[in-house]
Amino acid sequence: MHGSLDLLALFRLLFKNIWVILLACLIGLLGAFGITKLLLKPMYTSTVQLYVSGSQKSSSSSSDYYDVITAQKVVNTYTSLIKSDRVLDEVVLNHNLPYTSNQIRRMMSVSTAQETQIMNISITSDSPKKSMEIVNAIARTAPDIIKDFTETGIIKVIDYAKPITRPSSPNLSLNCIFGIMLGLFVSVLYIVLRDMLDLRVKGEDEIKKLYNIPVLGSIPVLNSQTKGGY
């Protein structure tokens, strides 16, 4: 095939070179597995959950509703406060952590469950113990400081972080799937380009298609070590 490939011819070409595709997929799988296991450092994430309320008291269903709305709006403010030097410096000082506020901030992520009053604070590091200690220290220190700033509202710890043993990244399964897909893509691209750039005539039908002349006969190649050409 020169210059173009129809769908049926493409499937035939790929099936003919299926061993190349399988080999490339295997190489991609082994490469991704080796890189993930040997070169990528495992990271561990610990998370605490905080409950945020917009006011100190709620006396009716209407005030409860507005309390929820207010709490969802002030979560962004609380997020900025938790990441501030004021809070993180206090965390480092109170718990004797061997880190700076900037180091902790780079390890931290803060998120909220959609349309809820729940805030999640996560710390990701190369040590499960380190992640748990830092995030629990933040959970013990941040609420009191935030209350001093806001003067109204409630922020309480729902769950402290627990010991973790399973890394949050890298994802071995996902990386292996990516390796297989990369091997598949590269092998298919190689097979197609190699065939399209091959200028040899591969059969009577291709002669008729290219030159529009009748074929009177063909001479087979006997005892030849090479295949695919005439």
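Here are the numbers for this structure:
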{"read-out": "Check on Thr152, on the phi < 0 side of the Ramachandran plot and either at pLDDT 85 or above or surrounded by fewer than 18 Cβ atoms within 10 Å (Cβ to Cβ) (or both)", "value": "yes"}
{"read-out": "Cβ pairs under 6 Å, 6+ apart, first in the range 190-213 and without any contact (Cβ under 8 Å) to a residue 24 or more places away in the chain, second surrounded by 12 or more Cβ atoms within 10 Å (Cβ to Cβ)", "value": "Ile207/Val201"}
{"read-out": "Test result for Leu216, surrounded by fewer than 15 Cβ atoms within 10 Å (Cβ to Cβ), over 35 Å from the mean Cα position of the chain (by Cα) and either under 28 Å from Ile27 (Cβ atoms) or at pLDDT 85 or above (or both)", "value": "no"}
{"read-out": "Flag if Ile164 is of a type in the set (Val, Ile, Thr), modelled with pLDDT of 75 or more and surrounded by 15 or more Cβ atoms within 10 Å (Cβ to Cβ)", "value": "yes"}
{"read-out": "Complete set of residues in the range 93-124 that are without any contact (Cβ under 8 Å) to a residue 12 or more places away in the chain and surrounded by 15 or more Cβ atoms within 10 Å (Cβ to Cβ)", "value": "Gln103"}
{"read-out": "Among residues of the range 105-121, those that are in a strand (DSSP E or B) and out of contact with any helix residue (DSSP H, G or I) (no Cβ under 7 Å at 6 or more places or on another chain), counted", "value": "5"}
{"read-out": "Residue match in the range 125-146 (condition: buried (at least 17 other Cβ atoms within 10 Å of the Cβ) and assigned to a strand (DSSP E or B))", "value": "yes"}
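The values are calculated or read from the model by the stated rules, or taken from the named source; none is laboratory data. What you see is a predicted model, and the numbers here were worked out from it, not measured in a lab. Because the Cβ atoms are built from the backbone with ideal geometry, glycine has one as well, and the counts that use them run over all protein chains shown.
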